[in-house]
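These notes are about the structure you will find just below.
The values are calculated or read from the model by the stated rules, or taken from the named source; none is laboratory data. Please read all numbers here as calculations on a predicted model, not as lab measurements. With ideal geometry, Cβ positions are generated from the backbone for all residues, glycine too; neighbour counts draw on all protein chains shown. When the accessible area is computed, the model is the full protein with side chains, heavy atoms only, and any ligands, DNA or RNA have been set aside. Shrake-Rupley method; radii C 1.70, N 1.55, O 1.52, S 1.80 Å.
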Amino acid sequence: MRLRGSEGVSMLRQRTVTRVGRLGVAIAVILSIGGTAALQIVGLGTPSGAASTGVTPTIWVVNQESSALLSFPLSASGNAAPGVTISANANSLDDPFGTEAFDASGDMWIANLDADTLVEYTPSQLAATGDPTPAVTISANGSSLGAPGSVAFDGSGDLWALNEEGTLVEYTPNQLASSGDPAPAVTISGTERPYGFAFDGSGDLWVADMDTSTVVEYTPSQLAATGDPTPAVTISANASSIDDPSGVAFDSSGDLWVTSTNNDTLVEFNPSQLASSGDPAPAVTISSTGSSLDGPYSLAFDATGDLWVPNYGSDSLVEYAPSQLSATGDPTPVKTIIGGATAMNGPGGVVIEQAPTVTSVVPNSGPAAGGTNVTIHGTGFNYGSTVDFGSTAATSVTYESPWELTAVSPAGSGVADVTVSTFAGTSATSSADQFTYASSGYTLVGPDGGTFALGTAPFLGSLPADGVHVKNIVGIAPASSGNGYWLVGSDGGIFAFGSASYEGSLPGDGVHVKNIVGIAPG
């Protein structure tokens, strides 16, 4: 039992309370308890959410022709200059082309086609224009790297690279810790000219093969050991639906998008079309209007579902909104970055740096003792993402895909915002991320407004502890969130604590009575 009433001030290190007294007006209350100050505007309710914290949403583009790495804020358009330009230092960048990848610490990995190397830049090296020497360089061991293109991290933090010469290779985190020429942990043979790849939510790897105009799938078991397994699924060209496919990416619905480079289109296949081999007609085909698509080689989705595509032929970067991707057509991009100031010269791969978002948690409630397996949906997740329920870390976190995590809830009480943090920041809070802990306790109140929390009921404040002296409190009611409560006096004066919002009082409305005997939430 936790007993905290008028005598409980010294036991509390921090408390935030909303309080509205007999006059029914909003008050700004500043409390200093145990050296910690708390401020909240009273009577106006609580904010619906907090803004995400992290880096400015940024898209990074590699230039093949000028061997450079460029960054642009997602808000950029037109003839915008890059925010950061990373130039070649000796052979640090030598014909980079495929899609880059961030690791869990925010280090960026890039493949060099001509140098047969994989290079790593740290966040501090990416912070400003320059020609830094890569923190790590992975060289070819025999023929382990042969014209490497795109790179991607799997759910275990292993880095996969594809070689234009026809193999996929895997390096473990230990092999990536320092420069060298380690033998790949796994080498997968069988493709002819792979250019782009992406993992789906089940850990299957989908690879675009330009020479065969196919997109093939390898399961986790096929990727576990060196070999030349027959792909589990092969998606072939339907007429000219896939013509020199180069880039692949999954959206938050699990649909696979492919850049069809030779005919300047983007095509979408839904999960049912990817379940078995065949030549299905794409669910959606986005064609080019003028030069909006001109040699597209890769693509990436941002946190709002917008699709970004670099055009090698027109030295441009275009953005499509989700509504433009819902049906076949040739929509004009909502934004195009193009012009001499952009310094784009043969743009190939793109990767987006943006704080994650949380769109739902399932289930959204569980016992106060914790232990609930919760599936978190959203965007911008990566291997190494952390999850908090309120201010308490999840017991465990498993990365499933860029849009799904599973986490085990810690012990808690009331309503907690489930937030996800990555190297790029922490998700904003909203009603969609809330997890409610079942309470096995209750709160008692005395006539002086002293509150007593028993079991798992949260203590959120009391009138004596806040210096309010009354003797006519007659009732208490819980807020629907489970993380707040209202007290009522016999004259109809209302006092709101925690997430309970102030909705008015009888004294505040000029009604004078002394016979109120209870309160119930609306």
Selection over segment 314-344 where residues are closer than 13 Å to Leu266 by Cα, part of a strand (DSSP E or B) and either more than 26 Å from the chain's Cα centre (by Cα) or modelled with pLDDT under 95 (or both) yields a count of 1
When every residue in segment 422-474 that is over 32 Å from the mean Cα position of the chain (by Cα) and on the phi > 0 side of the Ramachandran plot is compared, the one surrounded by the most Cβ atoms within 10 Å (Cβ to Cβ) is Gly449
Filter segment 60-87 for residues that are open to solvent by less than 40 Å² (accessible area, probe 1.4 Å) and of a type in the set (Gly, Ala, Ser); the one that is farthest from Thr259 (Cα to Cα) is Ala80
Scanning segment 148-178 for residues that are hydroxyl-bearing (Ser, Thr, Tyr) and within 30 Å of the chain's Cα centre (by Cα) gives Ser150, Ser156, Tyr171, Thr172, Ser178
Log entry, pairs with first residue in segment 161-172 being in contact (Cβ under 8 Å) with a residue 12 or more places away in the chain, second being among the polar types (S, T, N, Q), beta carbons closer than 6 Å, six or more apart or on different chains, reads Leu162/Ser150; Gly166/Thr191; Thr167/Thr187; Thr167/Ser189; Val169/Ser144; Val169/Thr187
Exactly one of Ser252, Ser298 is open to solvent by 30 Å² or more (accessible area, probe 1.4 Å), hydroxyl-bearing (Ser, Thr, Tyr) and part of a loop (DSSP other than H, G, I, E, B), and that residue is Ser252
Checked segment 403-421 for anything outside any loop (DSSP other than H, G, I, E, B) and either surrounded by fewer than 20 Cβ atoms within 10 Å (Cβ to Cβ) or out of contact with any strand residue (DSSP E or B) (no Cβ under 8 Å at 6 or more places or on another chain) (or both); matches are Glu404, Thr406, Val408, Ser421
Of those in segment 206-226 that are more than 29 Å from the chain's Cα centre (by Cα) and touching a residue at least 40 places away in the same chain (Cβ under 8 Å), the residue surrounded by the most Cβ atoms within 10 Å (Cβ to Cβ) is Met210
(1) modelled with pLDDT of 95 or more; (2) farther than 21 Å from Pro229 by Cα; (3) open to solvent by 20 Å² or more (accessible area, probe 1.4 Å); (4) of a type in the set (A, V, I, L, M) all hold for Ala185 apart from (2)
Please tell me if Ser260 is crowded, with 22+ Cβ neighbours inside 10 Å, within 21 Å of Ser326 (Cα to Cα) and small (Gly, Ala, Ser). yes
Q) Can you spot a residue in segment 108-117 that is within 19 Å of Glu165 (Cβ to Cβ), open to solvent by 20 Å² or more (accessible area, probe 1.4 Å) and either β-branched (Val, Ile, Thr) or touching a residue at least 60 places away in the same chain (Cβ under 8 Å) (or both)? A) no
From the option list Asp466, Asp433, single residue qualifying as in contact (Cβ under 8 Å) with a residue 12 or more places away in the chain, touching a Ser or Thr at 6+ places or on another chain (Cβ under 9 Å) and of a type in the set (Asp, Glu) is Asp433
Note: among Gly371, Gly378, Gly348, Gly366, just one is of a type in the set (Gly, Ala, Ser), part of a loop (DSSP other than H, G, I, E, B) and either over 30 Å from Thr129 (Cβ atoms) or open to solvent by less than 10 Å² (accessible area, probe 1.4 Å) (or both), namely Gly371
